[in-house]
Amino acid sequence: MREMFDRIAGRYELLNTLMTGGLNRVWNRVVISEAGVRPGSRVLDLACGTGSLTRDLARRAGPEGHVLGVDFSREMLAAARRRPLSNVEYRVGDATNLDGVLNDVPGAESGAFDAATIAYGARNIPNLDALFREMSRAVRPGGRVVCLEIARPSGRVPALFYGLWFDRVVPWLGAKVSGDSWAYSYLPTSVKEFVAPEDLAGIMERNGLRNIQWRRLAGGIITLHSGTKGSRGARGPGVE
Ligand SMILES: C[S@@+](CC[C@H](N)C(=O)[O-])C[C@H]1O[C@@H](n2cnc3c(N)ncnc32)[C@H](O)[C@@H]1O
């Protein structure tokens, strides 16, 4: 998985923009609003890739705020670092085990963040319990955890359009632009194999998050989940 992202890093953002018709930036704004990010916020962006969402979070957090982007692909992070912002820092790390990152980065200890986000990353992570346990651990009580992901729409017309776009156009376009046909055939497969939105909400809840809400965007091809860390965090029932 890491090697696949290393290989496609150079063309990743261009392809993302082409595949979503530029809507990825609009969805970034929805994530930022759902995460309650405002000037001065401290945000952890997991599986940050080339930093598209990370930079938008940082612009919203402003000079008083700070965003830490974490990804396990060195090439994705190298691309992210080519577009630096003064209030953004990147670290190599595994989203399912943040020990190294949270211990090593000053001011990034457990509970130091106002929000933790992940966009198009959860689908690639087999251990979702570990992912949300770590997101929950990273934020302060009352902090927000937000997950944006690609989904399969349920309606007949959106499903038809989706099938055409994701099963045919995306693998073709991905192979042409990135030169990696495997990576962009993997994309629709990973969406099909990802947990149902209701189940993802359950996973968030059993890992210390409360008031879980989720909704579909863009005719159902995107899901947005959010939750708030209870006062007892990842263990126990938690109280708001
Ligand atoms: C589809 S990209 C999403 C990038 C970015 N969040 C965005 O909005 O464009 C998925 C990213 O997840 C990263 N990733 C997958 N599994 C990971 C893990 N266990 N820990 C950290 N990063 C991971 C990959 O390296 C890749 O950069």
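The values are calculated or read from the model by the stated rules, or taken from the named source; none is laboratory data. Predicted model, so just to flag it, every value in this text is computed and none were measured. Because the Cβ atoms are built from the backbone with ideal geometry, glycine has one as well, and the counts that use them run over all protein chains shown.
Among the residues of segment 186-200, those that are outside any helix (DSSP H, G or I) and out of contact with any Lys or Arg (no Cβ under 7 Å at 6 or more places or on another chain) comprise 195, 196. Selection of segment 28-37 for residues being among the β-branched types (Val, Ile, Thr) and within 14 Å of the ligand (Cβ to nearest atom) yields 30, 31, 32. Only helices (runs of 4 or more DSSP H) whose full extent lies in segment 38-128 are considered here, and the ones with at least 2 residues that are more than 9 Å from the ligand (Cβ to nearest atom) and surrounded by 24 or more Cβ atoms within 10 Å (Cβ to Cβ) are 52-61. Among the residues that make up segment 170-179, is at least one of them touching a Pro at 6+ places or on another chain (Cβ under 8 Å) and within 12 Å of the ligand (Cβ to nearest atom)? Looking through segment 170-179, none of the residues is touching a Pro at 6+ places or on another chain (Cβ under 8 Å) and within 12 Å of the ligand (Cβ to nearest atom). Scoring residue 183 on the criteria (1) part of a helix (DSSP H, G or I); (2) more than 16 Å from residue 5 (Cα to Cα) leaves a single failure, condition (2). Within segment 85-112, residues that are in contact (Cβ under 8 Å) with a residue 60 or more places away in the chain have Cβ atoms under 6 Å from residues that are within 15 Å of the ligand (Cβ to nearest atom) and in a helix (DSSP H, G or I) in these pairs: 108/102, counting only partners at least 6 apart in sequence or on another chain. Close contacts from segment 11-36, counting a first residue that is touching a residue at least 12 places away in the same chain (Cβ under 8 Å) and a second that is assigned to a helix (DSSP H, G or I) and of a type in the set (Lys, Arg), with Cβ to Cβ under 6 Å and a gap of 6+ residues or different chains, come to 32/60.
Checking each residue in segment 56-93 for being more than 22 Å from residue 131 (Cβ to Cβ) and either among the basic types (Lys, Arg) or modelled with pLDDT under 95 (or both) picks out 59, 60, 81, 82, 83.
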